[in-house]
Amino acid sequence: MPQSLSEKIMESKLNRGSVKELKSTIDFCNDYHLNLLGYKPEQIGLRIFSDGEWGSFCERIGLNSNSSGAYLPRNQTAFLDGNNHLSLFHEYFGHGLYCEQNLTGRKLIELEKRLLEEEKREFQNREFTLEELGEFRKQSENFQNLDEHRRENRIKYELFAIWTEWLLSSEMGLKEKFERRYYGFSSEDRQVIDRVINFSEGNGELAGFYNQGMARRTTAKRVKRLLQDIYKDKLKDVRFALFYGSRKEFSDIDVFIVGENPQESHSDFLDVKMQSPRDLKKGIKNFDVRTLIPLMNGQFIFGDRDYFEKSKQQILSQPISEEAVKHNLKWSFRMQRLKDENLEDDFLRNKFEGYSQTYLANGLALKQGLKLFTKEDLILYSQNEKNIELKGGTEKNAN
């Protein structure tokens, strides 16, 4: 049976006090990540060296002996020179978690393992020199792909680990240790680091993780915290907020907000659609796609739940009008026109094209007396009007 992380720490050559301190630090950081993100490091190994061992290890893998830690994606293990907090934060929680919970990091591990399998086949059951290994890698497509991936993503990879140092140092009251390391960077590097730190200070730690491409495990509590951190007192006039959409861990988080001062926004990790109560009422009356889909499929985050439930019930109970049919067909045409006006912007082109298709499908479905409540049903309806396997929705006779 594989050893647990605790067992590996106990086997290290640290004294009993250092082992206890290290375990306490890891437990604290694990709890921090679990509470904030919904996950912690799971697949990362940890090995701690004494002073004499560290020098030999650095020489063996070609690492500068002045360094205090390393993370090897190939075997997903963090190596530390003794009980060094900043190195633990950087290598284990920074590089390690990035490789577990970031698509770029996962790709790095995949390429490393692909190259490892190729090298095993090439040098199976025989000794080889570093020169032979180097010559082999020059001809390897796997190595070329790995090298290109490293170069393209090196800054993001290192920046996340340095930001993690700052974050966990602040959480554990070790900010002075980080600041001493921070002032060892060049002024250009500090400017890059400052941008990441300033973003998380202005928008919250959760946004800081998501903005760097980390997996998003959405729950109502987590999305509420994200919105509160970003919008702050701007949420005071919100009637209710929902989150909906695919909820996949690397998709943006779709949020629908009803409030007096609607302010829509979009980023790489968050897409907020807002409506005033007046626009909500109008959207419900017309079975508008941009109101219908989030309202009928969204999960309640906060606000007036009774108002939210009554709005949903109105969709279910009200009859389909000719006005609603015309409204959806008209907006399909408008969205198609906006798509044609934004052909050079991939995001806007795809956004307007998607809306054009769903508005058209909704208009045609309403015309036949159908209320469809999911984007999937609308797409399915547009593909095959006669053989619909509804995932959600009701059938009503149009007036």
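Computed quantities for the displayed model
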| item | result |
| --- | --- |
| In region 261-284, residue nearest to Leu235 (Cα to Cα) [restricted to those that are surrounded by 15 or more Cβ atoms within 10 Å (Cβ to Cβ) and of a type in the set (Gly, Ala, Ser)] | Ser276 |
| Residue in region 338-356 that is at pLDDT 90 or above and either among the hydroxyl-bearing types (Ser, Thr, Tyr) or under 12 Å from Asp288 (Cα atoms) (or both) present | yes |
| Members of region 355-370 found to be part of a helix (DSSP H, G or I) and either more than 27 Å from Ser317 (Cα to Cα) or in contact (Cβ under 8 Å) with a residue 40 or more places away in the chain (or both), listed by number | Tyr355, Thr358, Tyr359, Asn362, Leu366, Lys367 |
| Lone qualifier among Arg195, Arg181, Arg190 - being under 17 Å from Tyr92 (Cβ atoms), of a type in the set (Lys, Arg) and outside the structural domain of Leu270 (by TED's automatic domain parsing) | Arg181 |
| Subset of region 42-63 [over 32 Å from the mean Cα position of the chain (by Cα) and charged (D, E, K, R)] | Asp51, Glu53, Glu59, Arg60 |
| Residue among Glu176, Glu135 that is in the same structural domain as Lys23 (by TED's automatic domain parsing), within 21 Å of Ile61 (Cβ to Cβ) and assigned to a helix (DSSP H, G or I) | Glu135 |
| Members of region 210-252 found to be β-branched (Val, Ile, Thr) and either in contact with a Lys or Arg (Cβ under 9 Å, 6 or more places away or on another chain) or in contact (Cβ under 8 Å) with a residue 60 or more places away in the chain (or both), listed by number | Thr218, Thr219, Val223, Val238 |
| Residue within region 191-198 that is part of a loop (DSSP other than H, G, I, E, B) and either of a type outside the set (Phe, Trp, Tyr) or surrounded by fewer than 13 Cβ atoms within 10 Å (Cβ to Cβ) (or both) present | no |
| First in region 50-63 and within 16 Å of Leu133 (Cβ to Cβ), second anywhere and modelled with pLDDT of 85 or more, Cβ under 9 Å, 6 or more apart | Ile61/Ala70; Ile61/Leu72; Ile61/Phe79 |
| Of the criteria (1) surrounded by 18 or more Cβ atoms within 10 Å (Cβ to Cβ); (2) over 18 Å from the mean Cα position of the chain (by Cα); (3) closer than 30 Å to Ser251 by Cα, which one Phe209 fails | (2) |
| Residues of region 256-285 satisfying the condition of being part of a strand (DSSP E or B) and over 15 Å from the mean Cα position of the chain (by Cα) | Phe256, Ile257, Val258, Gly259, Ser265, Val272, Lys273, Met274, Gln275 |
| Residue list for region 286-310, filter: part of a helix (DSSP H, G or I), of a type in the set (D, E, K, R) and touching a residue at least 12 places away in the same chain (Cβ under 8 Å) | Arg290, Arg305 |
| Complete set of residues in region 66-93 that are farther than 17 Å from Arg181 by Cα and at pLDDT below 85 | Gly82 |
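Residue by residue, here is whether (1) within 30 Å of Met172 (Cβ to Cβ); (2) surrounded by 12 or more Cβ atoms within 10 Å (Cβ to Cβ) holds:
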site: Phe57; (1), (2): yes, yes
site: Leu88; (1), (2): yes, yes
site: Arg106; (1), (2): yes, yes
site: Leu116; (1), (2): no, yes
site: Asn125; (1), (2): no, no
site: Thr129; (1), (2): no, no
site: Glu141; (1), (2): no, no
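Here's the yes/no breakdown for (1) of a type in the set (D, E, K, R); (2) under 25 Å from the mean Cα position of the chain (by Cα); (3) farther than 17 Å from Tyr381 by Cβ; (4) not assigned by TED's automatic domain parsing to the domain that holds Val238:
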position: Ala324; (1), (2), (3), (4): no, no, no, yes
position: Phe333; (1), (2), (3), (4): no, no, yes, yes
position: Leu348; (1), (2), (3), (4): no, yes, yes, yes
position: Phe352; (1), (2), (3), (4): no, yes, yes, yes
position: Leu364; (1), (2), (3), (4): no, no, no, yes
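The values are calculated or read from the model by the stated rules, or taken from the named source; none is laboratory data. Quantities reported herein were computed from a predicted structural model and do not represent experimental measurements. No Cβ is skipped: glycine too gets one built from the backbone with ideal geometry, and neighbour counts run over all protein chains shown.
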